[in-house]
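So the structure is just underneath, and the comments pick up after that.
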Amino acid sequence: MRFEKARNLLRLAFLMQGRADGVSLNDVVAEFGVGRRTAERMRDAVGEIFPAIEEVEQDERVKRWRIPPGMTNQLAAFTGEELSSLATARALMEKNGLTQHADRLRSLETKLMPLLRRERRRKIEIDTADMALAEEFAVRPGPMPRVDSTCLDTLRTAIIGCQKIEFKHRNRKGKVALLRVQPYGLLLGTRQYLVGKIEATGGYRLFALDNIEAPRQLDQPFLRDDAFSLKQYASQSFGVFQEMPANVVWRVAPEVAQDAASWLFHPSQSIEQQPDGSLLVRFKAGGLQEMAWHLFTWQGKITVVEPKKLSDLLRQQCETVAAACHSPSPEQHDPLTSDAGAVGQALRNEEAIV
């Protein structure tokens with residue numbers, strides 16, 4: 001703790017050099033969790049160490065400061081743990097089908113290594129190789145769709161440039177429709193989705209990228225709705241499927257309360273300890289079907305207090321799976337074509353209904 005202030009000043013110096021638009025006092029407050037007066041003292045201290053600090057010229061009223069490129073380079077050093085984490089992130093992206101992101105991280109690794117001295121580079125290469133042998137990802141069943149890199153490039157270019165796109169979309173029944181969409185962002189996870197605003201209806205919708213065919217950027221700009229937040233859009237649902245948010249209350253049994261307390265079920269959740277050792281988990285979100293799929297994995301240790309619709313969905317799911325388990329014989333009952341099979345497949349894949 002004695003050196004925490006020094007570390008924070010160095011971090012602030014790196015931030016000021018790393019951001020082209022500079023760093024404001026509000027940024028310092030948010031980044032380091034300090035008051036405004038402390039933020040001012042930190043800025044002044046960095047200015048004493050790096051006299052070349054400059055105020056950024058811009059139209060907005062908020063003042064920002066930056067350090068010219070190269071000033072802090074000699075202070076920076078990469079550790080084996082940092083580069084190992086970079087390699088771990090790359091491997092995780094590869095396993096989740098985010099090949100473009102993985103390729104970019106691999107390119108970053110290649111560019112970083114020559115910056116190190118030869119003896120230091122050799123030690124880090126050995127450390128990184130050792131960590132690679134000591135870490136592996138658990139296998140997680142689920143869809144692993146492959147998305148064409150050209151499709152992703154087209155979508156990203158259109159999103160950044162606020163250009164409308166047109167593509168063929170294949171729904172779950174195999175029907176193909178030609179759609180014109182205003183692209184707002186990408187949701188990345190087990191599956192990847194485009195968040196788009198449909199011109200015909202004006203509403204936002206999710207499109208699984210593996211269901212998008214032949215996307216084409218149009219020479220038609222659109223005015224992005226500044227009130228739309230991709231982060232807020234993603235957080236209003238339990239999973240991916242979007243619907244009207246509901247007030248959700250779950251009761252966690254005492255025997256799994258400690259385990260459940262370490263879970264983040266939803267960003268808006270609150271947890272209340274009950275006298276009997278159980279927990280009440282409250283949050284507001286849509287995606288009731290995906291909640292039911294998740295609750296099934298807790299084997300009855302988490303029960304639904306509200307809403308009733310979620311309780312009904314979970315009960316129906318349990319009854320359907322129970323019926324499948326009591327099937328007389330494989331010849332009389334094919335779980336892959338039954339309702340129970342459909343529920344089981346959904347549980348295994350956690351697919352969104354798009």
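The values are calculated or read from the model by the stated rules, or taken from the named source; none is laboratory data. A quick note: this is a predicted structure, and the numbers were derived from the prediction, not measured. Virtual Cβ from ideal backbone geometry, glycine too; neighbours counted across all protein chains shown. The area values use the complete protein model at the heavy-atom level, side chains included, leaving out ligands, DNA and RNA. Shrake-Rupley method; radii C 1.70, N 1.55, O 1.52, S 1.80 Å.
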Working from the alpha-carbon coordinates of segment 182-236, get Rg over Rh, Rh being the Kirkwood radius. 0.95
Round to the nearest 0.05 the FRET efficiency obtained for residue 11 and residue 224 when R0 = 22 Å and r is the Cβ-Cβ distance. 0.10
Extending each Cα 7 Å along its Cβ direction at residue 299 and residue 44, get the distance between those two points in nm, one decimal. 6.2 nm
With a point put 7 Å past each Cα toward its Cβ, work out how far residue 235 is from residue 268 in nm, to one decimal. 1.0 nm
A chain fully extended from residue 244 to residue 21 at 0.36 nm per residue, minus the present Cα-Cα distance, gains in nm 76.5 nm
Under 19 Å between alpha carbons, and skipping anything fewer than 8 positions from residue 111 in its own chain: which lysines qualify? 123
With R₀ set to 35 angstrom, the calculated FRET efficiency between the beta-carbons of residue 200 and residue 99, to the nearest 0.05, is 0.60
Cross-link table 175/197; 197/231; 63/231, entries beyond 18 Å C-alpha to C-alpha: 175/197; 63/231
Can you pull the Rg over Rh of segment 163-300, Cα-only, Kirkwood? 1.09
Surface share of carbon and sulfur [accessible, 1.4 angstrom probe, percent] for segment 215-318: 53 percent
Heavy-atom accessible area per residue of segment 184-237, all protein chains kept, 1.4 Å probe, expressed in Å², is 51 Å²
Rounded to whole Å, give me the distance from the Cα center of segment 224-287 to that of segment 1-40. 32 Å
Nearest-0.05 FRET efficiency for residue 186 and residue 325, computed from C-beta distance (R0 45 Å): 0.70
Run down the lysines and flag those whose C-alpha is under 22 Å from the C-alpha of residue 308, throwing out any fewer than 8 positions away in its chain. 284
Taking a ≥ b ≥ c as the square roots of the Cα gyration tensor eigenvalues, with a/c under 1.5 meaning rounded and otherwise prolate when a/b beats b/c or oblate if not, segment 14-75 comes out oblate
For residue 214 and residue 55 in the same chain, what is the full-extension length gain: residue separation times 0.36 nm, less their Cα-Cα distance, in nm? 52.6 nm
